[in-house]
Amino acid sequence: QVQLVESGGGLVQPGGSLRLSCAASGRFFGLDTMGWYRQAPGKERELVALITGRSITNYADSVKGRFTISRDYAKNTVSLQMNSSKPEDTAVYYCHVQVGSRIYWGQGTQVTVSS
């Protein structure tokens, strides 16, 4: 079982920066892919960014060049640096972890981009 705790959400002005973090704990031998999804009101949950166990990254086109995903393998954490934020980035952001065939989700953290 894997527990995920997210932090770093909040209010940010357009063009501003925010950093999300997610820490994984529990019983596991290793974490495979870690990443972030988001869900805006009235919309489906969508991929933001993923990073594999070999540090291969994948980004949604809408965040490429603005967001950066990183991972600390020793601490079992994944972070998302959000720069040049836009109002359309407003959503609940969910940490996502894959361990073998199992998927785990965090509880979600609200990010609001508004002036």
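The values are calculated or read from the model by the stated rules, or taken from the named source; none is laboratory data. From a predicted model like this one, the values you see are computed outputs, not experimental measurements. Methodologically, a virtual Cβ is constructed for each residue, glycine included, from the backbone with ideal geometry; neighbour enumeration extends over all protein chains shown. Accessible surface areas use protein heavy atoms only, side chains included; no ligands, DNA or RNA. Shrake-Rupley method; radii C 1.70, N 1.55, O 1.52, S 1.80 Å.
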Would you confirm whether any residue within the range 47-61 is under 11 Å from the mean Cα position of the chain (by Cα), modelled with pLDDT of 95 or more and farther than 18 Å from A91 by Cβ? yes
Among the residues of the range 1-37, write down those that are among the small types (G, A, S) and more than 12 Å from Y93 (Cα to Cα). G15, G16, S17, A23, A24, S25, G26, G30
Could you check the range 1-101 for strands (runs of 3 or more DSSP E) lying wholly inside it with 2 or more residues that are open to solvent by less than 60 Å² (accessible area, probe 1.4 Å), in contact with a strand residue (DSSP E or B) (Cβ under 8 Å, 6 or more places away or on another chain) and aliphatic (A, V, I, L, M)? 2-7, 18-26, 46-51, 77-82, 91-99
Yes/no for A40 being under 23 Å from Q1 (Cα atoms), of a type outside the set (D, E, K, R) and touching a residue at least 40 places away in the same chain (Cβ under 8 Å): no
Some residue of the range 41-64 being more than 23 Å from V12 (Cα to Cα) and touching a Phe, Trp or Tyr at 6+ places or on another chain (Cβ under 6 Å): no
